[in-house]
1. Looking only at the stretch 245-266, which residues are assigned to a loop (DSSP other than H, G, I, E, B) and either surrounded by fewer than 19 Cβ atoms within 10 Å (Cβ to Cβ) or not assigned by TED's automatic domain parsing to the domain that holds residue 583 (or both)?
2. Can you spot a residue in the stretch 292-308 that is surrounded by 24 or more Cβ atoms within 10 Å (Cβ to Cβ), of a type outside the set (D, E, K, R) and assigned by TED's automatic domain parsing to the domain that holds residue 551?
3. If residue 298 satisfies every condition in (1) farther than 19 Å from residue 451 by Cα; (2) out of contact with any Gly (no Cβ under 6 Å at 6 or more places or on another chain); (3) assigned to a loop (DSSP other than H, G, I, E, B) but one, which is the exception?
4. I'd like to know if the stretch 523-544 contains one or more residues that are surrounded by fewer than 16 Cβ atoms within 10 Å (Cβ to Cβ), out of contact with any Lys or Arg (no Cβ under 9 Å at 6 or more places or on another chain), of a type in the set (Lys, Arg) and within 30 Å of residue 602 (Cβ to Cβ).
5. Within the stretch 599-610, count every residue that is more than 13 Å from residue 251 (Cβ to Cβ) and either in contact with a helix residue (DSSP H, G or I) (Cβ under 6 Å, 6 or more places away or on another chain) or in contact (Cβ under 8 Å) with a residue 12 or more places away in the chain (or both).
6. Which of the numbered conditions does residue 311 fail, given that it passes all the others? Conditions: (1) buried (at least 24 other Cβ atoms within 10 Å of the Cβ); (2) among the basic types (Lys, Arg); (3) on the phi > 0 side of the Ramachandran plot.
7. Tally time: how many residues in the stretch 134-168 are in contact (Cβ under 8 Å) with a residue 60 or more places away in the chain, outside any loop (DSSP other than H, G, I, E, B) and touching a helix residue (DSSP H, G or I) at 6+ places or on another chain (Cβ under 6 Å)?
8. How many residues, within the stretch 249-263, are in contact with a Leu (Cβ under 8 Å, 6 or more places away or on another chain) and closer than 19 Å to residue 309 by Cα?
Amino acid sequence: MAIQDFHKSRQYVLRGIFIAAFLLLLFKALQIQLVDSTYQDRARTTAIEKVVDYPSRGLMYDRNGKLLVNNNAIYDVNCSYNLVDPKMDTTLFCQLLSIDKPTFKTLINKNFNSVRFSKNVPFTFLSKISAQTYARFQESLYEFPGFSIQIKNVRGYPYRNSPHVLGYLSEVNQKQIDKSKGSYRTGDFIGSTGLERTYEEDLRGAKGIRYLLKDNLGRAVGSYKKGRQDTVAVSGKDIITTLDVELQSLAEALLKNKSGSIVAIEPRTGEILSFVSSPSYDPNVLTINRNRGAAYNELLRDTLQKPFFNRGVQAKYPPGSILKTVMSLIAMQEGVMTANTPVSCKGAYYYNGVPRGCHQHSYPYNVAIALEHSCNSYYFTTLRNIVDKFGFNEPHKGLALLNRRLEDFGLGKALGADISNEGVGNIPTPEYYDKLYPRVEGSWKSPTIMSIGIGQGEIEMTTLQMANLAAIMANRGEFYIPHLIKGFVDGTPIPDKFRIKKSVNINRTYFNPIVEGMSKSVSRGTGNTAFIPDIEICGKTGTSQNPHGEDHSVFFAFAPRENPTIAIAVYVENGGWGSDFAGPMASLMIEQYIKGELSEARLELKQRLSDKVILNAIP
């Protein structure tokens with residue numbers, strides 16, 4: 001009995017093992033077929049081809065509806081390795097694509113052990129062939145099974161200007177692909193600079209996907225599930241920019257063969273009417289094609305002119321005497337002077353017997369006269385009054401107060417414009433001067449730093465910040481963040497931050513003498529080269545000292561005086577006095593915008609300024 005019981009027990013164990021093994025195999029089969037999609041996905045890749053349809057990228061227009069950026073087709077040759085006929089005429093194939101046979105072998109023999117390539121999945125064989133090559137190859141495409149054409153869109157520029165504003169596209173890198181969560185893949189393009197970068201998500205659109213059934217030889221035989229899983233490509237949003245292309249073209253002509261920048265703003269909205277950095281380049285040379293790399297490297301190697309350097313927002317410039325307007329407002333608001341405070345000036349400002357230069361002019365018995373003649377003595381005194389508000393031995397408190405006020409004007413920080421790589425300029429702080437003069441505690445006082453009262457020394461701004469100051473003067477203390485987006489064609493609202501009015505927290509009445517002084521500066525003072533008889537321009541010249549060579553020419557203004565429609569800043573490196581170049585350039589821009597054209601009498605001035613060559617400037 002014992003032996004029989006042992007055999008029965010053994011049978012039960014064996015049966016249990018077989019049942020357990022069966023259940024385990026059944027569970028694994030269910031997991032593979034119903035839960036884990038890995039094997040299903042592998043099977044699908046051999047039976048279904050995923051075809052990506054690229055959308056049309058959004059267009060860009062100027063504020064008057066003129067097309068600034070369009071799309072041009074480029075063509076990639078894709079290859080499905082398993083479908084390639086080994087007996088194909090490779091000589092003809094290479095002739096049609098203008099490549100040689102060694103190149104053909106290199107391009108077709110991928111590392112198929114890598115996850116990046118599969119013999120059953122199309123890969124890019126040759127990218128960015130020309131339209132002429134495409135047309136020639138397309139006629140014979142039927143002779144080369146396994147090869148197909150992928151059409152993509154790249155940018156074209158009907159107007160050869162505004163590259164720093166519009167930006168350019170580049171191929172995505174692996175880091176961008178990884179961060180995109182499937183939005184980009186190898187060979188895709190992305191906005192790298194300018195508006196292309198800022199509004200990439202709006203401009204790029206959405207790709208369409210088509211799933212094609214393939215037979216056992218990998219040939220497409222129809223749509224998968226009758227196309228129910230297919231999606232249609234959605235074009236990117238068309239953008240209306242704030243630019244006036246005619247004004248933009250004039251600014252670029254005026255800055256030809258010069259280093260500098262011009263920024264013009266509509267004060268009532270903060271819309272940027274013109275934004276030019278010079279030296280520049282034709283944006284068409286960076287259109288995605290097979291010659292783009294060489295063109296890009298050539299521009300990058302130009303370390304003298306630095307065409308990629310955006311002087312409108314990246315260069316940090318001493319603003320010169322245009323800052324005197326802001327110093328006046330802060331001094332009046334802080335109660336350390338009034339609109340009628342007189343300051344003696346005898347051609348220089350003297351401290352401890354050492355003169356600081358000014359020039360001969362009528363007695364500055366009020367703020368307006370001081371601005372009209374750009375009196376340095378007046379603003380050395382003004383700066384000291386602000387910094388010494390809490391006492392001569394408390395300059396830290398006074399300078400900290402000045403810093404807070406300047407920040408209200410958008411200085412020392414980025415304004416938040418929709419321009420890539422926006423700089424912040426520099427507003428020196430008490431801590432900065434403590435490091436600069438570290439030897440003895442209290443070693444700096446208001447006389448040490450009074451050059452910042454006339455926009456010199458350590459204070460620096462971008463041209464965009466200067467133009468925004470002009471808009472603040474035009475609006476008597478208010479401004480909107482400068483921006484380049486006017487709207488989307490489909491009605492999508494622009495970002496909320498561009499519609500919020502900001503204030504500099506200065507009593508509006510204090511702007512009256514400032515505006516009066518700016519008007520007199522143009523009509524009969526240092527800025528008279530900007531004078532136009534039938535347009536009242538309120539402006540201020542600046543001559544920014546340059547230790548490396550000729551001084552920089554600076555001018556900011558708005559016009560007309562009442563209900564102004566344009567505010568502008570012009571900065572010409574090594575241009576000399578503000579009245580030499582910046583002033584007359586600004587007046588031409590103002591006339592063009594307000595009247596729609598330049599008068600015959602002023603065309604000669606435009607030509608003379610355009611023809612002048614001033615290069616090799618140091619930013």
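1. Here is the first cut: in the stretch 245-266, the residues assigned to a loop (DSSP other than H, G, I, E, B) are 255-257, 259.
Once the filter is applied, which keeps residues that are assigned to a loop (DSSP other than H, G, I, E, B) and either surrounded by fewer than 19 Cβ atoms within 10 Å (Cβ to Cβ) or not assigned by TED's automatic domain parsing to the domain that holds residue 583 (or both), the stretch 245-266 yields 256, 257.
2. We begin by selecting, within the stretch 292-308, every residue surrounded by 24 or more Cβ atoms within 10 Å (Cβ to Cβ); these are none.
No; the residues of the stretch 292-308 include none that is surrounded by 24 or more Cβ atoms within 10 Å (Cβ to Cβ), of a type outside the set (D, E, K, R) and assigned by TED's automatic domain parsing to the domain that holds residue 551.
3. (3)
4. yes
5. So the first thing to find is which residues in the stretch 599-610 are more than 13 Å from residue 251 (Cβ to Cβ), and the list is 599-605, 607-608.
After this cut, where a residue has to be either in contact with a helix residue (DSSP H, G or I) (Cβ under 6 Å, 6 or more places away or on another chain) or in contact (Cβ under 8 Å) with a residue 12 or more places away in the chain (or both) as well, the list is 602, 605.
Count: 2.
6. Every listed condition holds for residue 311 apart from (3).
7. Result for the stretch 134-168: 4.
8. Residues of the stretch 249-263 in contact with a Leu (Cβ under 8 Å, 6 or more places away or on another chain): 250, 254, 257-259, 261-263.
Narrowing the set further to residues that are closer than 19 Å to residue 309 by Cα leaves 254, 257-259, 261-263.
Residues meeting the conditions: 7.
The values are calculated or read from the model by the stated rules, or taken from the named source; none is laboratory data. From a predicted model like this one, the values you see are computed outputs, not experimental measurements. Virtual Cβ from ideal backbone geometry, glycine too; neighbours counted across all protein chains shown.
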